[in-house]
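Reviewing the structure listed below.
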Amino acid sequence: MIATIAGGAAAVILVPLAITAFWAPGFLVDDGPEEVAERAVAALSSQDSARIKDLACDAAASGNVQKLDQSLGKLTWRMTGDITRNGDEARVPVRVTLERTNGDTLSQDGEMILLDVNGWCVSTLERFD
């Protein structure tokens, strides 16, 4: 009898928790903008489109990430400075670099914009020179 009551109580607690975690992905993880930015930079460098969509505020608007033709070179992303927070927005300076197979290197700087929308997510990339 006690096992049945305990099992029922566990179900009453765990079912809503599981539903909330499914419908609100940031519910169980309290990652700040730094952790989200680091994961986004890693996902962009590895061209992991599924992970990029997971980190995007709007997965449909995250675009279709195509793998770079390896014959062109290697594409890498990195954070280049401190994150600036202003309320529910964080700006992360980033640099994307293409190391071409012929030895040339091309780089562009910009900002990754993160928003706190029930947890931090990547909103957009801006201002690439």
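Taken as a whole, region 49-71 holds no residue that is more than 20 Å from residue 97 (Cα to Cα), β-branched (Val, Ile, Thr) and at pLDDT below 60.
The single condition from (1) surrounded by 12 or more Cβ atoms within 10 Å (Cβ to Cβ); (2) of a type outside the set (A, V, I, L, M); (3) more than 16 Å from residue 43 (Cα to Cα) that residue 124 fails is (3). None of 3, 42, 37, 10 is in a helix (DSSP H, G or I), at pLDDT below 90 and surrounded by 10 or more Cβ atoms within 10 Å (Cβ to Cβ) except 10.
The values are calculated or read from the model by the stated rules, or taken from the named source; none is laboratory data. The structure presented is a predicted model; accordingly, all values stated were derived computationally and were not measured. Cβ coordinates were reconstructed from backbone atoms using ideal geometry, including for glycine residues, and neighbour counts include every protein chain displayed.
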